[in-house]
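Structure first, commentary second.
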Amino acid sequence: MSISNKLSRYEIENIYSAANSSIWHSHNFANINAKNKVREEDFVAALVSNGIPILTQRCISILQPKGVFLRISGVFCHGHPRVKFGNNNPIELADLLIVHQHIGLTRSSGRALLIQAKMSDDSTHRLPSGDTQLKLFSTWPPFKFITGGLPTQLRNIDEKGKGSRYALVLNDHSYPEDITWADQCPWSTCEAKQILTSDISLAKIIGNMLLGKEGRAFELTNKKNEWSQLIHDLLTITGERTYTRNNISINNMSRLTGIESRAPGMMFLSASHNYTSLPEHFINKTLTERFFTNKPSYNNSSDTPSEEINREQPEGGISTIIIETIDIEKINKR
């Protein structure tokens with residue numbers, strides 16, 4: 001049974017509300033802590049480091065009674081990986097990767113979504129004619145990585161829009177009741193067009209990712225599927241270093257910033273029912289254990305280039321939100 005089938009309409013709306021709250025609080029954090037003009041990467045960093053804990057705690061309270069273990073983790077690394085196609089100049093692959101993995105009794109499934117963020121005052125944004133990023137996101141021609149320590153073979157992911165969207169980020173510091181965008185959310189998403197227009201809130205996208213209704217399916221074991229191979233390669237390289245975002249006072253934080261539910265009385269990761277009591281077969285399938293456990297740490301200043309050189313980020317990886325759910329109700333009934 002899918003997660004959405006376990007939830008009432010009210011509980012599903014609470015998932016969306018939780019996502020909306022986490023996005024607004026992260027947006028607020030970036031605005032009030034910025035030393036200089038706040039930029040797209042500041043909002044992405046804040047979403048990862050400050051929004052994810054709120055989202056996790058809110059969603060745990062909804063999913064726990066349904067027998068679903070939840071972990072949401074965040075990774076931030078701006079400026080990489082960069083890709084090149086045709087005779088165009090190198091560009092970022094995307095600003096953010098959202099991944100959801102659900103593990104059931106007999107099978108696991110994964111969905112992923114690449115997002116490119118743009119600031120907006122009025123829920124629209126006009127991209128320049130011939131914009132290279134737009135060409136990538138609208139046509140997805142064969143491309144190759146030129147930074148980030150990723151394999152440099154030509155990639156042809158056959159992307160038709162299920163796995164990629166633009167996001168508009170509100171260029172203002174407003175309370176929810178003053179935001180006129182969809183769901184009163186300061187982030188909105190839209191299809192790749194020259195004139196970007198607010199469509200679906202990022203809160204709804206994240207909620208639908210958790211519910212298995214959004215994103216493009218991937219399989220980490222299918223090496224012949226180029227989309228799946230892309231997600232595998234991005235996750236492999238992403239968990240290897242710390243990050244810094246000086247403009248909003250985040251310094252040398254582990255790239256993996258998600259929290260786990262260890263509060264007393266919680267069903268998951270508590271003293272009465274902790275995560276390690278799950279069968280090892282299921283634990284070893286999770287994305288975090290596969291890609292983010294026992295990775296090397298790079299805390300030396302020499303490993304963190306200045307913003308002028310590399311926008312504060314060492315090469316490798318992509319900013320990522322990793323949502324992991326395990327149907328432990330079914331596991332416990334085995």
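The values are calculated or read from the model by the stated rules, or taken from the named source; none is laboratory data. In this text, all values refer to a predicted model and were calculated from it rather than measured experimentally. Ideal geometry is used to build each Cβ from the backbone, glycine not excepted, and the neighbour counts take in all protein chains shown. Note: areas computed on protein heavy atoms with side chains; ligands, DNA, RNA excluded. Shrake-Rupley method; radii C 1.70, N 1.55, O 1.52, S 1.80 Å.
Note on region 181-207: residues that are open to solvent by less than 20 Å² (accessible area, probe 1.4 Å) and either aliphatic (A, V, I, L, M) or out of contact with any Ser or Thr (no Cβ under 8 Å at 6 or more places or on another chain) (or both) total 6.
Checking region 109-122 against the condition returns a match, with at least one residue being surrounded by fewer than 22 Cβ atoms within 10 Å (Cβ to Cβ), within 17 Å of the chain's Cα centre (by Cα) and over 22 Å from ILE322 (Cβ atoms). Of the helices (runs of 4 or more DSSP H) that lie entirely inside region 1-103, those containing 3 or more residues that are buried (at least 18 other Cβ atoms within 10 Å of the Cβ) and touching a Ser or Thr at 6+ places or on another chain (Cβ under 9 Å) span 9-33, 40-46, 52-63. Taking first residues from region 185-197 that are under 13 Å from LYS162 (Cα atoms) and in contact (Cβ under 8 Å) with a residue 40 or more places away in the chain and partners that are among the aromatic types (Phe, Trp, Tyr) and in a strand (DSSP E or B), the Cβ contacts under 6 Å between residues at least 6 apart in sequence or on separate chains come to ALA192/TYR166. Number of residues in region 96-110 that are touching a residue at least 12 places away in the same chain (Cβ under 8 Å) and touching a Lys or Arg at 6+ places or on another chain (Cβ under 9 Å) equals 9. Taking region 127-182 as the range and being under 25 Å from THR238 (Cα atoms), of a type in the set (A, V, I, L, M) and touching a Pro at 6+ places or on another chain (Cβ under 6 Å) as the test, the residues that pass are ILE146, LEU150, LEU154.
Scanning region 210-225 for residues that are crowded, with 17+ Cβ neighbours inside 10 Å and farther than 23 Å from ARG71 by Cα returns a single hit, ASN225.
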